[in-house]
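Okay, structure first, notes after.
The values are calculated or read from the model by the stated rules, or taken from the named source; none is laboratory data. This one's a predicted model, so the numbers in the text were calculated from it and none came from an experiment. Cβ atoms come from the backbone with ideal geometry, glycine included; neighbour counts cover every protein chain shown. Protein only, heavy atoms only, side chains kept; ligands, DNA and RNA dropped before computing areas. Shrake-Rupley method; radii C 1.70, N 1.55, O 1.52, S 1.80 Å.
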Amino acid sequence: MLLEGKKGLILGVANKQSIAWAIAESAAREGARLIFNYQNDRFKDKVEKLAEGLEGSKTFQCDVGSDDEIAAMMKGVEGEFGELDFLVHSIAYAPTEELAGEFINTSRQGFATALEVSAYSLVAVSRAAAPLMKNGGSIITMTYLGSERVIPNYNVMGVAKAALEASVRYLANDLGPRGVRVNAISAGPIRTLAARGVGGISKMVEAHREIAPLRHATEQAEVGDTALFLLSS
């Protein structure tokens with residue numbers, strides 16, 4: 001029961017295959033109470049149905065592109081929990097057309113969208129959550145190797161992940177004196193709803209399985225337990 005009595009907010013669950021959901025399962029197994037967001041009505045039923053399976057869980061609508069919705073969600077979190085021990089940010093998006101062809105053809109709007117949703121949202125939600133982390137805590141986000149190396153069909157998302165990782169370092173410096181740790185997990189290629197937008201994801205997973213030391217592709221549950229380590233004291 002590594003997280004017994006702990007309260008967490010998990011952002012980015014879309015379905016059972018989501019990395020965010022794997023983290024939620026690991027956290028709940030170890031005693032945490034959880035709150036989830038759903039972006040809009042398209043995801044509401046799925047997220048609420050999943051949350052119902054975890055005792056004491058709640059859901060709030062929040063599109064992280066809206067500061068007003070972030071503020072409303074945090075007000076709801078404070079009303080339910082009073083405080084937060086951890087925050088999981090598992091959100092990324094770029095328009096599908098920006099992930100095909102050459103990076104040089106990235107549009108101005110596509111670049112702005114990828115950076116805002118995939119990187120700035122971590123800053124926005126961390127700023128809103130920090131006052132609720134009264135006794136310190138942990139913030140986790142999800143990154144990928146495309147931040148450091150050129151990955152085919154990843155394009156502007158690689159730039160967004162690089163910005164995300166830099167944001168993690170600056171946030172860690174800001175929040176460390178308050179006892180809040182900030183980390184990113186690079187999980188490797190995993191078949192999720194978000195990953196479907198990356199061309200050739202199935203081949204990437206197969207290649208990973210062939211060359212990884214354990215000779216198997218990374219599974220969501222493994223990422224969930226890695227997050228558990230970072231969330232726990």
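Restricted to region 194-216, and to residues there that are farther than 23 Å from Ser118 by Cβ and in contact with a helix residue (DSSP H, G or I) (Cβ under 8 Å, 6 or more places away or on another chain), the residue that is modelled with the highest pLDDT is Arg215. State whether the residues of region 99-108 include one that is crowded, with 18+ Cβ neighbours inside 10 Å, modelled with pLDDT of 95 or more and not in a loop (DSSP other than H, G, I, E, B). No - not one qualifying residue is present in region 99-108. All of Gly79, Gly56 fail the test of being without any contact (Cβ under 8 Å) to a residue 60 or more places away in the chain and either open to solvent by less than 60 Å² (accessible area, probe 1.4 Å) or under 18 Å from the mean Cα position of the chain (by Cα) (or both), apart from Gly56. Scanning region 11-38 for residues that are surrounded by 21 or more Cβ atoms within 10 Å (Cβ to Cβ) and assigned to a loop (DSSP other than H, G, I, E, B) yields Gly12, Val13, Ala14, Ser18, Ala32.
Taken over region 50-86, the residue count meeting the criterion of being touching a strand residue (DSSP E or B) at 6+ places or on another chain (Cβ under 8 Å) and not in a loop (DSSP other than H, G, I, E, B) is 14.
When region 116-171 is limited to residues that are of a type in the set (Ser, Thr, Tyr) and assigned to a helix (DSSP H, G or I), the one that is farthest from Ile91 (Cα to Cα) turns out to be Tyr170.
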